[in-house]
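Novice: Quick one: this structure, given as structure tokens, is what I'll be asking you about.
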Amino acid sequence: MNMKKQWALWCRRMRCAMNECSAVALLIGAGALMLCGVIVRGVCGSPYQSGMMMHFGRVIPPVWLMTLLWMIWYALLGGAFARVMSDRRCDGYTEAVKYRGGMTYLAMLFLGFLWYPVFFCAARPFLGALIVLGVLILCILTALRYVKLFRGVAVILFCHAVFLTWMLILNIAVVFCG
């Protein structure tokens with residue numbers, strides 16, 4: 001059997017396997033992300049209590065607005081990531097773009113979860129600003145990696161980069177207000 005036929009056979013097997021477990025994997029992944037968010041929030045406590053203790057409560061937007069924005073963005077990012085990972089094309093270029101972008105996405109997500117305890121629990125707004133800057137850079141790199149193959153995902157990531165720029169401005173304002 002030549003390499004091209006072997007590759008096609010392998011791709012067909014992988015598609016079958018992914019069709020069987022992709023919904024379960026997405027549910028497990030989404031549940032794990034929600035659990036991580038709940039644990040981080042539970043350990044660190046309310047952001048507004050920390051904000052009042054560090055005297056930057058006047059810079060932080062209302063709790064309902066921040067909660068709504070974070071929920072919308074994580075839902076959009078999760079949907080975008082699910083769209084990329086559920087793509088069924090089996091050429092080597094698409095697979096490489098998909099998984100390299102997936103790694104930068106996971107690094108971006110990890111730093112996003114790291115920001116909350118650093119900023120609110122440890123009360124380190126400068127380090128929080130550096131983390132947001134890192135997330136912003138990873139977001140732009142991920143969007144640039146996906147722009148050719150997954151335009152809708154790239155648009156979502158570029159919009160998220162705008163949101164992260166706003167968060168960076170808020171973090172810097174907290175550094176200078178504190």
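The values are calculated or read from the model by the stated rules, or taken from the named source; none is laboratory data. A quick note: this is a predicted structure, and the numbers were derived from the prediction, not measured. As a convention, Cβ positions derive from the backbone with ideal geometry for all residues, glycine included, and neighbour counts pool all protein chains shown. Each accessible area value is taken on the protein alone, full model and side chains, heavy atoms only, with ligands, DNA and RNA left out. Shrake-Rupley method; radii C 1.70, N 1.55, O 1.52, S 1.80 Å.
The rows are residues; the columns are (1) closer than 25 Å to Q6 by Cα; (2) in contact with a strand residue (DSSP E or B) (Cβ under 6 Å, 6 or more places away or on another chain); (3) open to solvent by 30 Å² or more (accessible area, probe 1.4 Å).
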site	(1), (2), (3)
I72	no, no, yes
G79	no, no, yes
A96	yes, no, yes
Y105	no, no, no
F113	no, no, yes
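Novice: Could I ask something else about it? Here are the criteria: (1) within 16 Å of P61 (Cβ to Cβ); (2) of a type in the set (F, W, Y); (3) at pLDDT 85 or above; (4) within 15 Å of the chain's Cα centre (by Cα). Tell me which single one Y116 does not satisfy.
Specialist: For Y116, the exception is condition (3).
Novice: Next question. Answer yes or no as to whether I156 is touching a helix residue (DSSP H, G or I) at 6+ places or on another chain (Cβ under 9 Å) and open to solvent by less than 30 Å² (accessible area, probe 1.4 Å).
Specialist: The answer is no for I156.
Novice: Would you confirm, using the coordinates I've provided, whether L127 is closer than 19 Å to F163 by Cα, modelled with pLDDT under 85 and of a type in the set (A, V, I, L, M)?
Specialist: Details: closer than 19 Å to F163 by Cα: yes; modelled with pLDDT under 85: no; of a type in the set (A, V, I, L, M): yes.
The answer is no for L127.
Novice: So A30 ticks every box in (1) surrounded by 14 or more Cβ atoms within 10 Å (Cβ to Cβ); (2) modelled with pLDDT of 65 or more but one. Which box is left unticked?
Specialist: Among (1) surrounded by 14 or more Cβ atoms within 10 Å (Cβ to Cβ); (2) modelled with pLDDT of 65 or more, A30 violates only (2).
Novice: Just the residues that are open to solvent by less than 70 Å² (accessible area, probe 1.4 Å) and either under 19 Å from A96 (Cα atoms) or at pLDDT 85 or above (or both), please, taken from the stretch 159-170. It would help to see each step written out before you state the result.
Specialist: Filtering the stretch 159-170 down to residues open to solvent by less than 70 Å² (accessible area, probe 1.4 Å) leaves 159-161, 163-165, 167-168, 170.
Correct list: C159, H160, A161, F163, L164, T165, M167, L168.
Novice: In addition: How do the pairs read when you match residues in the stretch 61-75 that are of a type in the set (A, V, I, L, M, F, W, C) with residues anywhere that are at pLDDT below 75 and in a helix (DSSP H, G or I), using Cβ under 8 Å and keeping only pairs 6 or more apart or on different chains?
Specialist: V63/P47; V63/Y48; M66/P47
Novice: Those residues that are within 15 Å of the chain's Cα centre (by Cα) and of a type in the set (F, W, Y), I need them from the stretch 134-178; list them, please.
Specialist: Matches in the stretch 134-178: Y146, F158, F163.
Novice: A further question follows. Please tell me if W70 is more than 16 Å from M167 (Cβ to Cβ), modelled with pLDDT of 70 or more and part of a helix (DSSP H, G or I).
Specialist: On the way: more than 16 Å from M167 (Cβ to Cβ): no; modelled with pLDDT of 70 or more: yes; part of a helix (DSSP H, G or I): yes.
No.
Novice: Which residues, counting only those in the stretch 116-152, are closer than 13 Å to L76 by Cβ and open to solvent by 10 Å² or more (accessible area, probe 1.4 Å)?
Specialist: Correct list: G152 only.
Novice: Just to check your reading of the model, which residue among F163, F150, F113, F120 is touching a residue at least 40 places away in the same chain (Cβ under 8 Å) and touching a Pro at 6+ places or on another chain (Cβ under 8 Å)?
Specialist: Only one candidate passes the filter, namely F120.
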